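The values are calculated or read from the model by the stated rules, or taken from the named source; none is laboratory data. Predicted model, so just to flag it, every value in this text is computed and none were measured. Using ideal geometry, Cβ is built from the backbone for each residue, glycine included, and neighbour counts are taken over all protein chains shown. Keep in mind that these areas ignore ligands, DNA and RNA; they rest on the heavy atoms of the full protein, side chains included. Shrake-Rupley method; radii C 1.70, N 1.55, O 1.52, S 1.80 Å.
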Amino acid sequence: MAKPNAPAEPGNLKDIIAHAKEYGFVFPSSEIYDGLAAVYDYGQMGVELKNNLKQLWWRSMTQLHPNVVGIDAAIFMHPLTWKASGHVDSFNDPMIDNRDSKKRYRADQLLEAKAEQYAAAGDPDKGQGLLYRMAALLGAEDLEGVRQLIISEGIKCPISGTDNWTEVRQFNLMFSTQIGSVAEDSATIYLRPETAQGIFVNFLNVYKSGRMKIPFGIAQIGKAFRNEIVARQFIFRMREFEQMEMQFFVRPGTEMEWYEKWRDARLKWHQAIGLPAGKLKFHIHEKLAHYANAAVDIEFEFPFGFKEMEGIHSRTDFDLTSHQELSKKKMQYFDPEINQNYIPYVVETSVGADRLFLAVLCNAYTEETTVEEGVEKKRTYLKLHPAIAPVKAAVLPVTKKDGLPEKAQEIFNLLRFDVPTIYEEKDSMGKRYTRQDLIGTPFCITIDHQTLEDNTVTIRHRDTMEQERVPADELVGRITYATSFKRIFEQL
Ligand code: GAP
């Protein structure tokens, strides 16, 4: 039996993107027309993995917390929603164009990259100073100042190599469209840039219809849309993506306690699904969004560095108060314990399903060198937690004769009602194992001549390649236990 004798190496992004496409995880959108920037489709394996992650999040939120319930709000919302939330007025990115290359950049990202260069060259203070100056200029909406800073820092367009920059303009990230069938009646509405507002506008509905008692949460999974200026890093920054958000409504004054609880709970969750502690860290926000009084990101170490995967924000009563002002509906909760009406404060957890998917995929992608009978062999496999793997088991008869396919079909039929299972009889065992490794199937069940004699099968474990012989009658119990969400829930 071959044993891994070289440490698993983290894959680089290029290899992971190629793997994702080749094995049906992620495809560029409308690829036959050369794709659409920052838009991606999930393939036959990707959709299973993503659904598993979403289900895991949903059930962790709603099933493990009796005071958290879910909703599914529409993508289109009344346009005033986005006025109240601040997105119409301030959901902007500063952009700048290079006149020679005609390429568009985010002005803040050009300066951040420069600050990183200073840090990499051993002068982090200079980098930090630059970031402070940028924050001050953006805060004062001094866009000409931002442009001058880019020029004085000697920042050039990487394509044209010139600093022939246009002025800096604020660019609203919301996509708009028209609602209504006739032009005169139509009104501009937006594709939601976050799912959270669907929760805020339903606060009263859920509180009253569910007879909820504070503290309580509302969870939602759904699409969000942002017209990102710079599309980068595969599914990390997309124009159409999915968020998994939970707003936790609390009594004012208790929000910091809940903020800390949810921050820690969410970090633990990421570790429970298999992301290593060493690849996760908190990044506390110094500069807070207009709605927050505390905010932290959970960052994951992607192949391109530590980057935000989830945000935990203490959003105060900003959103409910704004909705109350614009809708003229009282967004109040009556707290029987203190006999008072108030607008609740909110702690939000917000994780991108696609970023989580990318983190899980990057972490799982493993290239290993093994030595079999003196010959070096390379093995690539996805070390996914069995509970989230797209396929849990593959049933493989060693030959296509002697009644083995029939016996294997019997075992396949036993398993497939409990877990996603596939049956394969084509090609050598080695090739079939390789195919399962590449999509991350944790268990391969082999049916051989001994199976016909004593009704035992072998289970081959993906990560160790070890095989064990077990009675076929034990299969359903063993595989369902090993791949159940329960194993993750028990760690939370
Ligand atoms: N409701 C709060 C909110 O939307 P955010 O930090 O803008 O906060 C939350 O987004 C999460 O949504 C991020 O941590 C990230 O995982 C995901 N996300 C945001 N923009 C994204 C994009 N363009 N592509 C993919 N995921 C994105």
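Looking at region 348-426, the DSSP beta bridges with both ends there are about 75 percent antiparallel. Counting Cα-Cα pairs of region 92-172 in 5 Å increments starting at 0 gives whole-percent bin shares of 3, 16, 28, 25, 17, 9, 1, 0.
Per-residue Karplus couplings for region 242-256, computed as 6.51 cos²θ - 1.76 cosθ + 1.60 with θ equal to phi - 60°, are listed in order as 10, 10, 10, 10, 9, 9, 10, 8, 10, 6, x, x, 9, 5, 5 Hz, Gly and Pro entered as x.
Amide H contacts under 5 Å for A389: none, restricted to partners 5 or more places along the chain or on a different chain, H placed in the peptide plane at 1.01 Å from N. What percentage of the solvent-accessible surface of region 384-489, computed with a 1.4 Å probe over protein heavy atoms, is contributed by carbon and sulfur atoms? Reported share for carbon and sulfur atoms: 53 percent. All C-alpha pair distances within region 261-383, sorted into 5 Å bins from zero, spread as 2, 9, 15, 15, 12, 11, 10, 8, 6, 4, 2, 2, 2, 1, 1, 0 percent across the bins. Compared with the dominant principal axis of the Cα atoms in the chain, helix 107-120 is inclined by about 60°. In the chain, the longest principal axis of the Cα atoms and the axis of helix 404-415 are about 40 degrees apart. Taking label positions 7 Å along the Cα-Cβ direction at both E260 and Q178, the computed distance is 5.4 nm, reported to one decimal. Legend: translational diffusion of the chain by Stokes-Einstein, Rh = Kirkwood radius over C-alpha pairs, 25 °C, 0.890 mPa s; D = 96 µm²/s. On the principal axes of its alpha-carbon atoms, region 137-187 has extents of 51, 30, 14 Å, going from largest to smallest.
When every Cα-Cα distance of region 211-307 is counted in 5 angstrom steps from zero, the calculated P(r) takes the values 2, 9, 15, 19, 24, 17, 8, 3, 1, 0 percent.
Pairwise alpha-carbon distances in region 384-489 exceed 25 Å for 12% of all pairs.
Averaged per residue, what accessible area in Å² does the chain show with a 1.4 Å probe, protein chains only?
On the way: 23160 Å² over 492 residues.
Heavy-atom accessible area per residue stands at 47 Å².
Bridging of K383 to aspartates and glutamates at a Cα separation below 14 Å is possible for E9, E367, E368, D437, D463, once same-chain residues fewer than 8 apart are set aside.
Take the Cβ atoms of S484 and F334, set R0 to 45 Å, and the FRET efficiency comes out at 0.65.
Per residue, the average separation of C-alpha pairs within less than 8 Å and at least 6 apart gives the chain a relative contact order of 16 percent.
Taking only Cα atoms, what is the 0 to 90° angle, nearest 10, from helix 13-22's long axis to the longest principal axis of the chain? The helix 13-22 is inclined about 60 degrees to the chain.
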